[in-house]
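The values are calculated or read from the model by the stated rules, or taken from the named source; none is laboratory data. This structure is a prediction, so every number in the text was calculated from the model and none was measured. Cβ coordinates were reconstructed from backbone atoms using ideal geometry, including for glycine residues, and neighbour counts include every protein chain displayed.
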Amino acid sequence: MRTIGYIVCALLLFALPAWVMAGEGETGVVRLHSGPVSGKTEGAVRVFLGIPYAAPPVAGLRWKPPQEVAAWTQVRKSTQFGPSCPQPGQQGDGKYSEDCLYLNVWTPAKGPGERLPVMVWIHGGGFNFGSSSLPEYDGRNLAGKGVVVVTLNYRLGPLGFLVHPLLSRESPEGTSGNYALLDQIAALKWVQRNIAAFGGNPDRVTIFGQSAGSKSVSLLMISPLSAGLFHGAIAQSGGPIIGSEYLNPVFNGNMANVSEMGQKLASKLGCDGASDVLAAMRSRSAEEVIRAADCKTGLFDEGLFFAPVFDGTVLPGNPFEAYSRGAQHDVPIITGSTLNEGNAYLKDEKDLSLERYRSFLKSRFSENMGKAFRVFPASSDKDVPAAIDRVIAVAANAEPARFVAGSMERKKSRGYLYQFTRLPGTERARKLGVYHGVDLAYVFGNIKTSDGYDDTDVRLSAEMMDYWVNFARTGDPNGQGRPYWPAYERASDLNLEFSGTPRTVRHLFKEECDFINSQSIYRSR
């Protein structure tokens, strides 16, 4: 009789609608494939935080692809963010854990049948820092525009990208690394399986991200493992590794180089002489691994650096060649950058002399350093910060975006290119200009006049959100009442400038972009 009772209870559970409504201030219960969750309401938006989308990648699951999350039967209260992934600089306050594969959902839907467009956010942070719980990624205002917003964590640094010969040997694919990209793919599979329960349309998913999140978006465009999981892409300030070597020469996706770093990490952990090296490395705490790796993402930093690699499985080959021959997924893409992408990397640098600038150019351009100096000139020490800012703005961001947008001419889908040039009155912008990440507040609609924004910023934010949401809804950013944004064509070389008022302009950094495009720094990777 007890067995029959369990069966009856199970049948009743699965007979419930995907969304059981509740009273004021409550979200009701949403039934996922893994179990029921409840959240909270913020105005007209329902919020579900800290939902696990994969099993904790701990112990024997460290440095392995994400596994299916264990199911639960009791309603899981999802009103707090899950822990952030381990990273340098964490304070040990209980908000960081290797058990960090959680995502968050903001939905304006009243029930599961609305089939709203879905926007999945991938955070930045140089692949070594960051979290979906950062305030700038609060999805409430963007969701209020009529989309379901999802933000997610993914493994970082050596826990997310370690390459080691022994890891490759134990893998069925014979490779290692890119665990973080596999996390992102697992989250997208979770969206396909569950987002309808939140009123989202699994056939209308747009991925978007900034910085490392933008690079992730651009890489997912060429990964065979992500095919069919999204239907549009928005890449804000970062291409598919292309251009990343201008940030740091070791950021190049080379499997052999990163494998060497993995072996150095094993040595730094004191595990290289163990009878079972991987077991010894897995026995170390996440904090020990992060501390031993000591990864830094500055322009002049040297040492270990863990990021995506061309492993032949998740990323089958050189992204330059993939985009050049049209091997990317046939989905539309918005891609662009900000005016002063490099300044954020220079804020703590003291010795920015002409001599150091020449060394910087030599490490990036090798025998073409002289031409690079003519294209990005500096006459004295005081000119160096602006020159480096321009190198990073163009080489690591604007030209990779232009290249990706131009590659879409080979596909049925279109690419849309932009540059963000609006200088707000915030304290950070007064110091760093139109800095790397300045566009986040506008895209998410988290503009507060008390922070130094004015009515122009509020209006521009509304316009950007409209473009982004139109794109998520239809694959075309254009809509009634907004300046027309033409699809990118190399012949016309048009992009949309987000200044005080969006406007179409021609030839973004033309001389500089053409020079960067002529370089072979990433063509042979």
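Numbers for the structure displayed
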| read-out | value |
| --- | --- |
| Of residues in region 248-294 being hydrophobic (A, V, I, L, M, F, W, C) and part of a loop (DSSP other than H, G, I, E, B), the one surrounded by the fewest Cβ atoms within 10 Å (Cβ to Cβ) | ALA274 |
| Test: residue in region 226-235 that is modelled with pLDDT under 95, touching a helix residue (DSSP H, G or I) at 6+ places or on another chain (Cβ under 6 Å), buried (at least 24 other Cβ atoms within 10 Å of the Cβ) and not in a helix (DSSP H, G or I) | no |
| Which numbered condition LYS215 misses (of (1) of a type in the set (Lys, Arg); (2) more than 22 Å from GLY298 (Cα to Cα); (3) assigned to a helix (DSSP H, G or I)) | (2) |
| Any chance GLY479 is modelled with pLDDT under 95, over 30 Å from GLY199 (Cα atoms) and in a loop (DSSP other than H, G, I, E, B) | no |
| Flag if LYS110 is assigned to a loop (DSSP other than H, G, I, E, B), exposed (fewer than 14 other Cβ atoms within 10 Å of the Cβ) and either of a type in the set (Lys, Arg) or in contact with a Cys (Cβ under 6 Å, 6 or more places away or on another chain) (or both) | yes |
| Residue check, VAL438 farther than 18 Å from PHE300 by Cα and of a type outside the set (Gly, Ala, Ser) | yes |
| Set ARG459, ARG374: member being surrounded by fewer than 16 Cβ atoms within 10 Å (Cβ to Cβ) and closer than 26 Å to TYR137 by Cβ | ARG459 |
| Which listed residue is surrounded by 23 or more Cβ atoms within 10 Å (Cβ to Cβ) and free of Cβ contacts under 8 Å to residues at least 60 places away in the same chain, from ASP439, ASP454, ASP383, ASP389 | ASP389 |
| Residue that is surrounded by the most Cβ atoms within 10 Å (Cβ to Cβ) [pool: residues in region 37-50 that are in contact with a strand residue (DSSP E or B) (Cβ under 9 Å, 6 or more places away or on another chain), among the aliphatic types (A, V, I, L, M) and farther than 8 Å from THR79 by Cβ] | VAL37 |
| Restricting region 431-454 to residues that are in a loop (DSSP other than H, G, I, E, B) and among the charged types (D, E, K, R), the residue that is nearest to PHE420 (Cα to Cα) | ASP439 |
| Test: residue in region 410-421 that is assigned to a helix (DSSP H, G or I) and either modelled with pLDDT of 95 or more or on the phi > 0 side of the Ramachandran plot (or both) | no |
| Failed item, numbered, when THR297 is tested on (1) touching a Ser or Thr at 6+ places or on another chain (Cβ under 7 Å); (2) within 30 Å of GLN419 (Cα to Cα); (3) part of a loop (DSSP other than H, G, I, E, B); (4) among the polar types (S, T, N, Q) | (1) |
| Residue tally, condition aromatic (Phe, Trp, Tyr) and part of a loop (DSSP other than H, G, I, E, B), over region 114-170 | 3 |
| So SER34, is it modelled with pLDDT of 95 or more, buried (at least 17 other Cβ atoms within 10 Å of the Cβ) and not in a strand (DSSP E or B) | yes |
